[in-house]
1. So, by mean Cβ neighbours within 10 angstrom, what's the order for 162-170, 24-32 with the highest one leading?
2. Report the relative contact order of the range 151-245, percent, no decimals, based on alpha-carbon pairs under 8 angstrom and at least 6 residues apart.
3. What's the ranking of 36-42, 81-87 by average number of surrounding C-beta atoms within 10 Å, highest first?
4. By counting other Cβ atoms within 10 Å of each Cβ, how are Thr189, Thr46 ranked from fewest to most?
5. If a/c stays under 1.5 just call it rounded; otherwise compare a/b with b/c (prolate if a/b is bigger, oblate if not). Do that for the range 151-245, with a ≥ b ≥ c from the square roots of the Cα gyration tensor eigenvalues.
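Laboratory data are not the source of any read-out in this text; all were calculated from the coordinates shown. Fair warning: this is a prediction, and the values are worked out from it, not measured in the lab. Positions of Cβ are backbone-derived with ideal geometry, glycine not excepted, and every protein chain shown enters the neighbour counts.
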Amino acid sequence: MSAQASRVQDIDDLEVTKSVKSRDVTQAVNRLTALVADDMERVNATIIENMQSDVALIPQLAGYLIASGGKRLRPLLTLASARLCGLTTGDEAVHLAASVEFIHTATLLHDDVVDDSNESQGFFSLNAIWKNKIAVLVGDYLLQKGLPILHGEAIAAGMLIEAELSKQYCQLPEQEFEEIVIQIDKVFTRLPILEENIDDILEWLKFDKKNKGGELRFSLLEKIGQGVFDISIAVSVIKTALLNYIPK
C-alpha cells in the first residue's frame, strides 16, 4: 500500500472511530436522561420559576436563552452524581442542578459578548438580537440566580478583608482604612458569614491562583491608589480578618 493510500485509510479509520464514539456518547446521555427524567422536570420547573421578574424583558430574554439550550448535560451529571452519593430525596440536588445550569448559561452568554458572536448552539445569540448591554445584564441576572450571592457582593467582602490585612501588613493608614470601609458599607450589605464557616473559607482560599509554594498570597494597599502584590499572609491573620468582617 502506498503512503498516500495508507494516509487515506488512516483518515477513514479515524472517521469510523469518531462515529462510533459519538453514537456511544449519545446512547449514554439518553440513558442518563431517562434515569433522572423526573428530577430534570423539577429542574426545568425551578429554572422557569426563577426566571420570573417584574422587569418584563428579563423573563422574555431568559426564556429565549433557556429554550435554545442544549442537552442540559451539566444538570444531568449533577443529578446523577447526587444519586451516586445517596441524595435521592428532597430538593437539594434539584436546586444545585438548576444553579449549575444558570451559571453555565450565564458564562456562555458573556462569552458570546466577548467573542461578538451572532450564533450560540445553532440559535441566534442574545447579543445578536438585543445587543451587548442587554445580553450582559441578562447574563448577570442568570449568574445571580445560580449563586447565593452577587459577584459584586463577594468582591466587596474581599475588599474589606484585604483592607484589614493591608492595615496590618502594609501600614495602610487608619483614616484611609475607615474611608474604604465606610464607602463599601454604603453600597453593599455584609455577607452573612458565620464563625463556623471560616475554616471552610480558608480551605477554599488554598485554591486561589495567586498562591505560591503552599502560601496564601494577596494583593494589598499601602495607601489608596498604591498597591503591593504577592504578599504572603499567615492563615491565623486571615482568620482574624474574617472574624473582624462579621458584623458585631
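1. Details: 162-170: 20.2, 24-32: 11.4.
The peptides rank, most packed first, as 162-170, 24-32.
2. Working: 95 pairs, mean separation 31.7, N = 95.
Worked out over the range 151-245, it gives 33 percent.
3. Result, highest mean first: 36-42, 81-87.
4. Lowest count first: Thr189, Thr46.
5. Here the range 151-245 falls in the oblate category.
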